[in-house]
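Shown next, in C-alpha cells, is the structure this report addresses.
The values are calculated or read from the model by the stated rules, or taken from the named source; none is laboratory data. The structure presented is a predicted model; accordingly, all values stated were derived computationally and were not measured. Neighbour counts run over all protein chains shown; Cβ positions are idealised from the backbone, glycine included.
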Amino acid sequence: MQKIDPRSTSCIWAMALMLAVSGCRDGGGAAEAGSQPDSTTPRMEASSTKQNAARFLTQATFGPTDASVLQVQALGYSGWIDQQLVTQSPSHLTYVDNQLAQMKLTNPNAQLGAPHFHNSFWFNAATSQAQLRERMKFALSQIFVVSINDVRFDIRSASSYYDMLGKNAFGNYRTLLEDVALHPIMGVYLTHMSNQKEDPVTGRTPDENFAREILQLMSIGVVELNIDGTPKLNNGVPIPTYTTSDVSNLAKVFTGFAWYSPSPTNETFLGENRDPQAQVRPMIAYNSFHSTSAKTFLGKTIPAGSNDARAELKAALDIIYNHPNVGPFMAHRLIQRFVTSNPSPAYVGRVATVFNNNGQGVRGDLGAVMRAILLDPEATKVGTAPGSGKLREPIIRLANWMRAFNATSRSGYYLVGSTRYFGSLGQAPLTAPSVFNFYRPGYVPPNTRASRARLTAPEFQTVNEVSIAGYANTIGGAIWDGIGTDSEVRGNYAREIAIAHDADALADRMNAILMYGQMPASLRRRIIEGVNAVPIPNGAEEAAYARLTRVRTAVNLTMLSPDYLVQR
C-alpha cells in the first residue's frame, strides 16, 4: 500500500484555514472572535462532567489529558486548584545547566543557546504536573516581557527569569513586581542595569525606559480605571494615569542598581569582573550611583537626601502596588490570557475586588486572583454571546497536541527548540518582538465585524498568511512524523488506533480530547468523511498503517479547523 503523507495537502489546508480564520473580515466566518457557534453545536449540560472538566483544563493548563480530566472530576474545580497552587514546577535553570554539563563532556567549549531554554519550556509544558503554574508563568511572561531574541541575553539568565515567574505565580503581586525590577535580564532588556543618577554638569539624566514600562505595561496602564476596568472620564475624555514628569521622577528611583557581586566596586557596577552568578542573582544597589534628589510621581513624593537605593525602590514599588488601577489592570490582562478576550466589566470587577482583598485582608494575592478567574460564572459556562472566548495561541495548540496524545521524547529532553519563526509557529516563549508582547491586549482586527462590534482579539495580531501556513505545516508535521531534532517528540495514538476502524467513534474522540464536547456537526461530518476516505485493507501491515493514517487525518482536520482554534 502506498503511503499518503497528509502534509502534501498542507497548502490546501492552510488556504482553507486562512479563509476561515480571517473570516472575521467582511463576509463572515466561523473564527470571528466572539462569533456564535452554528446551530448544530452541542450545548454542554451540567451533567456532562467530562466535557466540563476538559473545558476547564483547556483554560487552566496547556491542555487536558485523559488522566487530568479524571482528576478534575474527582477533586472538583476548587479542589484541583487547591492542589495546583502548591504543586511546584521543575527548574528551567537546572534543566539548562544539566544540558550544558552534558555538552561539555564532549565539547569543553560548548555554550548554551536559546533552543536549550525552549527545550526546557516544552519539557515542562508537556510533562509537568504543575500545569496551572506553567500556564501562569507563560501568562506572566507576556505581561512582564523580556525577549531573548537579542544576542546580548544569557540563556541561564532567561531560564532563571522564567523560574522566578513560576516562584511568584501564586504569591503576592508586590513581591513579583520587585523580583521583576531587580532581575538582571530585565535590567538589560529595559536598560536600567547600571543606570546612573542625573548629572547637571554633563546633562546626563537617568534612563526612563523601565520607569515608563513598569507603569504602562506591568501595573497601572495609561488611563485611570474604575474597579470594573472601564476608564474614568473627565468631560467624556479618559484621564491619564501619569505624566512625563512622573516617568522622569520615577526613573531616578531606578538608578544605582547593577550586577550582583560579593565585593561590589565601580568596575562591577559597569559589568567588569562579573561574578559567575551575576546573570541569575538579583541586581544589587550601588548607592554612590543612586540619585538623592526628591522624586515625585503618582501624587506621592520620596524626599530628597537618601542614598539608600534599595529603600527608595521599595517605597516606589509600594506606591505603584497600592495604586487603584493595579487590580482591574491585572484582572483584565490575566482573564484575557486564560478565558476570554472580552471579559465583561462585571467579570473584571469581581476579579479586581479579589485582587484588592482576598477575603482575609491581603492585597495582591495572585493565587486568589487565579481562583476567581477560573471559577467565575463567565469562565465556567460556555460562551455563546458575541465577544466570548479567545483565539488559542500557537504555543498552546502544540502543547495541547503533546498532552492530548501523550507525546514522548526519545531523548527525554523534548528537543523542540525555538518555534518563533513564521515558518514554524511564529511564537516561542520569551521571544516577543517588543516589550508590547506578541500582540497588544486591546488589538482589534481592522475592517472586521469584530471591529464594528468594538471587540478585541489580541492574538489575531499575529495572524497572517505566513503564520497560518507555518502553523499548518508545523502541526501537520508533528502529527505525522513528530517534531524536534530528528522528529524525536512523537505522539502516542494507541487509544485512537484502537477505534480507528470506526470513523464515528474517532470523531467523537477528537471532540472529547481536543474540543471538550463542542465540535459542530459540520466539522464532525468532515472528519468522518476524511477518515472514511482512507480504507483499511486486509493485510496486517497495510491495515496497521491505514489505521494510523486515519487517526492522523482526524487529528489534523480537527486541529486545523477554526472551531478548534477559537477557545470558548
Among the listed residues Tyr347, Tyr321, identify the single one that is surrounded by fewer than 24 Cβ atoms within 10 Å (Cβ to Cβ), without any contact (Cβ under 8 Å) to a residue 40 or more places away in the chain and on the phi < 0 side of the Ramachandran plot. Tyr347
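Looking only at segment 262-287, which residues are in a loop (DSSP other than H, G, I, E, B) and polar (S, T, N, Q)?
Ser263, Thr265, Asn273, Gln277, Gln279, listed by residue number.
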Subset tally (residues that are assigned to a helix (DSSP H, G or I), surrounded by fewer than 16 Cβ atoms within 10 Å (Cβ to Cβ) and more than 34 Å from the chain's Cα centre (by Cα)) for segment 288-318: 1
Could you please let me know if Thr456 is within 16 Å of the chain's Cα centre (by Cα), of a type outside the set (Asp, Glu), in a loop (DSSP other than H, G, I, E, B) and surrounded by 20 or more Cβ atoms within 10 Å (Cβ to Cβ)? no
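Do the conditions hold for Gly171, that is, is it closer than 16 Å to Leu334 by Cβ and surrounded by fewer than 18 Cβ atoms within 10 Å (Cβ to Cβ)? Give the derivation first.
Numbers: closer than 16 Å to Leu334 by Cβ: yes; surrounded by fewer than 18 Cβ atoms within 10 Å (Cβ to Cβ): yes.
Against the criterion (closer than 16 Å to Leu334 by Cβ and surrounded by fewer than 18 Cβ atoms within 10 Å (Cβ to Cβ)), Gly171 qualifies.
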Can you find a residue that is in contact (Cβ under 8 Å) with a residue 24 or more places away in the chain, outside any helix (DSSP H, G or I) and surrounded by 20 or more Cβ atoms within 10 Å (Cβ to Cβ) anywhere in segment 51-59? no
So His332 ticks every box in (1) buried (at least 20 other Cβ atoms within 10 Å of the Cβ); (2) at pLDDT below 95; (3) out of contact with any Ser or Thr (no Cβ under 7 Å at 6 or more places or on another chain); (4) of a type outside the set (Ser, Thr, Tyr) but one. Which box is left unticked? (2)
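Quick one: is Ser157 hydroxyl-bearing (Ser, Thr, Tyr), modelled with pLDDT of 95 or more and under 30 Å from Ala114 (Cβ atoms)?
yes
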Of all residues in segment 239-259 being more than 15 Å from Gln196 (Cα to Cα) and under 29 Å from the mean Cα position of the chain (by Cα), the one that is surrounded by the most Cβ atoms within 10 Å (Cβ to Cβ): Tyr242
How many residues are under 30 Å from Ser411 (Cα atoms), of a type outside the set (Ser, Thr, Tyr) and surrounded by fewer than 21 Cβ atoms within 10 Å (Cβ to Cβ) if we restrict to segment 481-508? 11
Within segment 509-536, how many residues are of a type in the set (A, V, I, L, M, F, W, C), touching a Lys or Arg at 6+ places or on another chain (Cβ under 8 Å) and either crowded, with 22+ Cβ neighbours inside 10 Å or at pLDDT below 95 (or both)? 1
Among the residues listed as Asp207, Asp228, the single one being surrounded by fewer than 19 Cβ atoms within 10 Å (Cβ to Cβ), touching a Phe, Trp or Tyr at 6+ places or on another chain (Cβ under 9 Å) and in a loop (DSSP other than H, G, I, E, B): Asp207
For the condition part of a loop (DSSP other than H, G, I, E, B) and either within 17 Å of the chain's Cα centre (by Cα) or under 21 Å from Ala399 (Cβ atoms) (or both), what is the one hit in Ala169, Ala126, Ala139? Ala169
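For Ala158, indicate whether it is over 19 Å from the mean Cα position of the chain (by Cα), touching a residue at least 60 places away in the same chain (Cβ under 8 Å) and buried (at least 24 other Cβ atoms within 10 Å of the Cβ).
no
Which of the residues that make up segment 350-381 are on the phi > 0 side of the Ramachandran plot, in contact with a Gly (Cβ under 9 Å, 6 or more places away or on another chain) and without any contact (Cβ under 8 Å) to a residue 60 or more places away in the chain? Write out each step before concluding.
Within segment 350-381, the subset on the phi > 0 side of the Ramachandran plot is 359, 361, 364.
Now drop any that are not in contact with a Gly (Cβ under 9 Å, 6 or more places away or on another chain), which leaves 364.
Selection gives nothing.
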Which one of these is at pLDDT below 50 and under 28 Å from Arg550 (Cα atoms): Arg43, Arg25? Arg43
Inside segment 419-453, the number of residues satisfying the requirement of being more than 19 Å from the chain's Cα centre (by Cα) and at positive phi is 1
Where a residue in segment 433-459 is touching a residue at least 12 places away in the same chain (Cβ under 8 Å) and its partner, wherever it lies, is among the acidic types (Asp, Glu), with Cβ under 6 Å and at least six apart: Val435/Glu213; Tyr439/Glu459; Arg449/Glu32; Ala450/Glu32; Glu459/Glu393
